[in-house]
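*Asks:* Sharing a structure here in structure tokens format.
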Amino acid sequence: MAERGASGGGSGGDSLDKSITLPPDEIFRNLENAKRFAIDIGGSLTKLAYYSTVQHKVAKVRSFDHPGKDMEQDHEPPYEISVQEEITARLHFIKFENTYMEACLDFIRDHLVNTETKVIQATGGGAYKFKDLIEEKLRLKVDKEDVMTCLIKGCNFVLKNIPHEAFMYQKDSDPEFRFQTNHPNIFPYLLVNIGSGVSIVKVETEDRFEWIGGSSIGGGTFWGLGALLTKTKKFDELLQLASRGRHANVDMLVQDIYGGAHQTLGLSGNLIASSFGKSATADREFSKEDMAKSLLHMISNDIGQLACLYAKLHGLDRVYFGGFFIRGHPVTMRTITYSINFFSKGEVQALFLRHEGYLGAIGAFLKGAEQDNPNQYSWGENYAASSGLMSTSPELCPAQRARSGTFDLLEMDRLERPLVNLPLLLDPSSYVPDTVDLTDDALARQYWLTCFEEALDGVVKRAVASQPESIDAAERAEKFRQKYWSKLQTLRHQPFAYGTLTVRSLLDTREHCLNEFNFPDPYSKVKQTENGLALKCFQSVTRSLDSLGWEERQLALVKGLLAGNVFDWGAKAVSDVLESDPQFGFEEAKRKLQERPWLVDSYTKWLQRLKGPPHKCALIFADNSGIDIILGVFPFVRELLFRGTEVILACNSGPALNDVTYSESLIVAERIAAMDPVVCSALREDRLLLVQTGSSSPCLDLSRLDKGLAVLVRERGADLVVIEGMGRAIHTNYHASLRCESLKLAVVKNAWLAERLGGQLFSVIFKYEVPAE
């Protein structure tokens, strides 16, 4: 959202409801449960932060009180499901123009029930100006925080918790935003904050940073000189003028001085030799646009060179730019990027931040919440409730740039467990989870957006059916439809809104929207039924496997894994079959599989490896409930255990589609152990360990896994990783390089994707990889 120059104080009592297009309760959400506030007030924008507790419905599973109940009667489910209320923590960040200040404070005061504190942390130049108004309206004491400390704390927070936070800007590329995968160690870096002047700060650790330089020539210089030259008083109007100008009409270029001889100097003729150089000798008037463009280049080049010199002096290659001079404006990002590239010869990258405008508010909040130690948790961006990054490019249709009035939102949910890298990643700093970047691949983007649009009716229907006792399920499901549809339309026009667009982010956004309207687990009853049916077949499947010779059994186990993976309600080709043919089962799925040789076929190599010594410990990431986990994964686990390999079986912490959750896997394992002595003794002796991934996604990001899982992987010396399923092994991790052996296997249940990979529907991927010596 663009700041609109230095505007005045309160709104003179304007009604908040009349001045914006979104209802206020959709902006200041969950105020009744707000616990703590912070505020960052700039020259014309205010950023409000608050912490709240959010009540969500969650589907809980537990064994029946009397064991064996379901094993005697065919119609009994294997466990109970209950929907319970769960309280989670959420951070809310709202950005609005200062002209709305009074109306916003009134709304907050009227809806605030209680807070845990009587203090509001405040930062930014406007904190003094609005101090009395805030204290009067909210009856909270304003506690002023240091601006730079808040900026650094905020910057550290977003870099650690939002994977696609930083981006490079490339004006003539499609897309213009190129997101960077966060380095596992964000330190050290250089932060160049361009406000009225320029501050350059070296950040070395969470709490250690130093101001190493700066300049008085910054955003205020551009604004002030620009106002004198063009008589334009508003900052954004000045930038609009610059975006239409031609600086070469005002600046003296290298070719103007040397003519054709510039090539012998190894210089481009288009380089600026002297900013405003032509204005001293030319006997004519210059346009406002050309002067604004020349001024922008002059100041940006100066800042870029300064930042580059400091980066080189301190041996830093990551430079983040922020401050009101930047604020997502393409014309400023472009000139800064050009300057950094030119002066560093491409060795230093100019990086910008999606949530740069929130850094001060985030930092102020963290300062006020230090006793709660918010940094001990991991946090995740809630796509359902956040506005996302919008291009302010003047070439875009204004409707595509429109916001909810002038309000911009960011919400972050506290994750119950801290997330870390999988220790077995070959190079965490270069790991990219997603196989296809839809921001980059226009054809794939159009296909998958359309695919998710067409699947929406089915998701709504499934959500309503999952809560037959609820009188408002249909109404909430319709709100979900509208919210997710709106997100998909935003992503059609702004594919970079939430970072790199991928199939994973589309799936995760859908899960966030379902949770937003209290559909925590639409497939809970489907999973319950399928787990019950599969458990009844487990013993006959293992008896059949045990009767085979060793080599025949290994192929049968792999085919069982693949056949189990067919049962994916997230794939339309499968859900259509499952809904039309209730008798479709394990044997039918085996017949659907592609005959060998498979599309990707390393089976022979895998078989040879099995003839060698057993692995020490296998880490297996499971996919679907029912036939997949029970008749596919567990027989495979059983064989590994029989060979003397320990097994860590990792399942999702929370629900997504019909994927098996950790709590469901505990009950399934308990039931299987009652039938199978190999599994029973392995569980008792801790040779089979069930863990949660820390994720609630149908895909898998190996850089954000539960810390407990990572500790266990190290302790047990895992030397084999098995990743199963289309979401985890094809949409993500297909190209992931690990420091140990890995097995990635899936059935391709989407015809378009199969064709892209060179195969057909139900083609098989069996990818066994051994790291290079």
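*Asks:* Do the conditions hold for VAL713, that is, is it assigned to a helix (DSSP H, G or I), over 23 Å from THR529 (Cα atoms) and either modelled with pLDDT under 95 or touching a Cys at 6+ places or on another chain (Cβ under 9 Å) (or both)? Give the derivation first.
*Replies:* Working: assigned to a helix (DSSP H, G or I): yes; over 23 Å from THR529 (Cα atoms): yes; either modelled with pLDDT under 95 or touching a Cys at 6+ places or on another chain (Cβ under 9 Å) (or both): yes.
So VAL713 passes the test.
*Asks:* Name the residues in region 431-443 that are over 21 Å from HIS183 (Cα atoms), outside any loop (DSSP other than H, G, I, E, B) and in contact (Cβ under 8 Å) with a residue 60 or more places away in the chain, would you?
*Replies:* ALA442 - this is the single residue of region 431-443 that is over 21 Å from HIS183 (Cα atoms), outside any loop (DSSP other than H, G, I, E, B) and in contact (Cβ under 8 Å) with a residue 60 or more places away in the chain.
*Asks:* Just one of (1) in contact with a helix residue (DSSP H, G or I) (Cβ under 9 Å, 6 or more places away or on another chain); (2) open to solvent by 10 Å² or more (accessible area, probe 1.4 Å); (3) under 29 Å from SER575 (Cα atoms) trips up TYR734, so point out which.
*Replies:* Exception for TYR734: condition (1).
*Asks:* Which of the residues belonging to region 181-193 are part of a strand (DSSP E or B) and of a type outside the set (Val, Ile, Thr)?
*Replies:* Step one: of region 181-193, the residues part of a strand (DSSP E or B) are 189-193.
The answer is TYR189, LEU190, LEU191, ASN193.
*Asks:* Can I ask one more? Give me the helices (runs of 4 or more DSSP H) completely within region 502-576, filtered to those with at least 2 residues that are of a type in the set (Ser, Thr, Tyr), ordered by residue number. Step through it out loud before you land on a result.
*Replies:* On the way: elements: 503-516, 524-546, 550-565.
Because the criterion is at least 2 residues that are of a type in the set (Ser, Thr, Tyr), the helices (runs of 4 or more DSSP H) in region 502-576 that meet it are 503-516, 524-546.
*Asks:* A further question follows. Name the residue that is least open to solvent (accessible area, probe 1.4 Å), counting only residues in region 464-486 that are assigned to a loop (DSSP other than H, G, I, E, B) and free of Cβ contacts under 8 Å to residues at least 40 places away in the same chain.
*Replies:* Let us first name the residues in region 464-486 that are assigned to a loop (DSSP other than H, G, I, E, B), namely 466-472.
Those still in the list that are free of Cβ contacts under 8 Å to residues at least 40 places away in the same chain too: 468-472.
Details: PRO468: 87, GLU469: 147, SER470: 38, ILE471: 175, ASP472: 60 Å².
Going through the qualifying residues, I end up with SER470.
*Asks:* So which strands (runs of 3 or more DSSP E) are wholly in region 194-290 and hold at least 1 residues that are open to solvent by less than 50 Å² (accessible area, probe 1.4 Å) and more than 30 Å from GLY363 (Cβ to Cβ)?
*Replies:* Numbers: elements: 198-203, 209-215, 272-274.
Passing ranges, in order: 272-274.
*Asks:* For region 96-123, what are the residues that are open to solvent by less than 10 Å² (accessible area, probe 1.4 Å) and modelled with pLDDT of 90 or more?
*Replies:* Scanning region 96-123 gives ILE120, ALA122, THR123.
*Asks:* Please go through (1) aliphatic (A, V, I, L, M); (2) in a helix (DSSP H, G or I); (3) open to solvent by 10 Å² or more (accessible area, probe 1.4 Å) for VAL679 and return the number of the only condition it doesn't satisfy.
*Replies:* (3)
*Asks:* Looking at VAL503, VAL541, which one is in contact (Cβ under 8 Å) with a residue 24 or more places away in the chain, farther than 16 Å from ASN382 by Cα and outside the structural domain of ARG728 (by the TED database)? Give the steps one after another, and end with the answer.
*Replies:* Working: VAL541 fails: outside the structural domain of ARG728 (by the TED database).
Answer to the check: VAL503.
*Asks:* To continue, here is another question. Name the residues in region 487-501 that are open to solvent by less than 10 Å² (accessible area, probe 1.4 Å) and part of a helix (DSSP H, G or I), would you?
*Replies:* Answer for region 487-501, where residues must be open to solvent by less than 10 Å² (accessible area, probe 1.4 Å) and part of a helix (DSSP H, G or I): LEU488, LEU491.
*Asks:* Report the residue count in region 446-493 for those that are among the polar types (S, T, N, Q) and over 25 Å from the mean Cα position of the chain (by Cα).
*Replies:* Of region 446-493, the ones among the polar types (S, T, N, Q) are 446, 450, 466-467, 470, 482, 486, 489-490.
Retained after the next criterion (residues that are over 25 Å from the mean Cα position of the chain (by Cα)): 466-467, 470.
Residues in region 446-493 being among the polar types (S, T, N, Q) and over 25 Å from the mean Cα position of the chain (by Cα): 3 in total.
*Asks:* Considering each of LEU745, LEU753, LEU720, LEU712 in turn, give the residue that is within 22 Å of THR502 (Cβ to Cβ) and either open to solvent by 30 Å² or more (accessible area, probe 1.4 Å) or touching a residue at least 40 places away in the same chain (Cβ under 8 Å) (or both). First the steps, then the outcome.
*Replies:* Values: LEU753 fails: either open to solvent by 30 Å² or more (accessible area, probe 1.4 Å) or touching a residue at least 40 places away in the same chain (Cβ under 8 Å) (or both); LEU720 fails: within 22 Å of THR502 (Cβ to Cβ); LEU712 fails: within 22 Å of THR502 (Cβ to Cβ).
Matching residue, one of LEU745, LEU753, LEU720, LEU712: LEU745.
*Asks:* Looking at region 247-262, can you tell me whether even one residue there is within 20 Å of HIS329 (Cβ to Cβ) and in contact (Cβ under 8 Å) with a residue 24 or more places away in the chain? Spell out how you get there, then give the answer.
*Replies:* At the first step, the residues of region 247-262 found to be within 20 Å of HIS329 (Cβ to Cβ) are 247.
Subset that is in contact (Cβ under 8 Å) with a residue 24 or more places away in the chain: 247.
Yes, region 247-262 contains at least one residue that is within 20 Å of HIS329 (Cβ to Cβ) and in contact (Cβ under 8 Å) with a residue 24 or more places away in the chain.
*Asks:* Taking the stated definitions as given, is GLY304 buried (at least 20 other Cβ atoms within 10 Å of the Cβ) and not basic (Lys, Arg)? Before the answer, list the steps.
*Replies:* Values: buried (at least 20 other Cβ atoms within 10 Å of the Cβ): yes; not basic (Lys, Arg): yes.
Yes.
*Asks:* Please go through region 635-666 and pick out each residue that is part of a helix (DSSP H, G or I) and over 21 Å from GLY560 (Cβ atoms).
*Replies:* Answer for region 635-666, where residues must be part of a helix (DSSP H, G or I) and over 21 Å from GLY560 (Cβ atoms): TYR662, SER663, LEU666.
Every residue, every condition in (1) in the same structural domain as GLN554 (by the TED database); (2) within 31 Å of the chain's Cα centre (by Cα); (3) open to solvent by less than 20 Å² (accessible area, probe 1.4 Å); (4) hydroxyl-bearing (Ser, Thr, Tyr), yes or no:
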{"site": "GLN608", "(1), (2), (3), (4)": "yes, no, no, no"}
{"site": "GLY612", "(1), (2), (3), (4)": "yes, no, no, no"}
{"site": "LEU619", "(1), (2), (3), (4)": "yes, yes, yes, no"}
{"site": "ASP623", "(1), (2), (3), (4)": "yes, yes, yes, no"}
{"site": "ILE627", "(1), (2), (3), (4)": "yes, yes, no, no"}
{"site": "VAL633", "(1), (2), (3), (4)": "yes, yes, yes, no"}
{"site": "VAL637", "(1), (2), (3), (4)": "yes, no, yes, no"}
{"site": "PHE642", "(1), (2), (3), (4)": "yes, no, no, no"}
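*Asks:* Tell me, yes or no, whether region 444-462 has at least one residue that is of a type outside the set (A, V, I, L, M, F, W, C), in a loop (DSSP other than H, G, I, E, B), closer than 27 Å to ALA729 by Cα and open to solvent by less than 50 Å² (accessible area, probe 1.4 Å). Let's see the steps before the verdict.
*Replies:* First pass over region 444-462, keeping only residues of a type outside the set (A, V, I, L, M, F, W, C): 445-447, 450, 453-454, 457-458, 461-462.
Going one step further and asking which of them are in a loop (DSSP other than H, G, I, E, B), we end up with none.
No.
*Asks:* A further question follows. Among the residues of region 96-105, are any part of a strand (DSSP E or B), over 23 Å from ARG414 (Cα atoms) and of a type outside the set (D, E, K, R)? Full working, then the answer.
*Replies:* First, pick out the residues of region 96-105 that are part of a strand (DSSP E or B): 96-97.
After this cut, where a residue has to be over 23 Å from ARG414 (Cα atoms) as well, the list is 96-97.
Still in the running and of a type outside the set (D, E, K, R): 96.
Among the residues of region 96-105, at least one is part of a strand (DSSP E or B), over 23 Å from ARG414 (Cα atoms) and of a type outside the set (D, E, K, R), which makes the answer yes.
The values are calculated or read from the model by the stated rules, or taken from the named source; none is laboratory data. These numbers come from a predicted model, not from an experiment. Neighbour counts are summed over all protein chains in view; Cβ atoms, including those assigned to glycine, are modelled from backbone coordinates with ideal geometry. These accessible areas exclude ligands, DNA and RNA; they are computed on the full protein's heavy atoms, side chains included. Shrake-Rupley method; radii C 1.70, N 1.55, O 1.52, S 1.80 Å.
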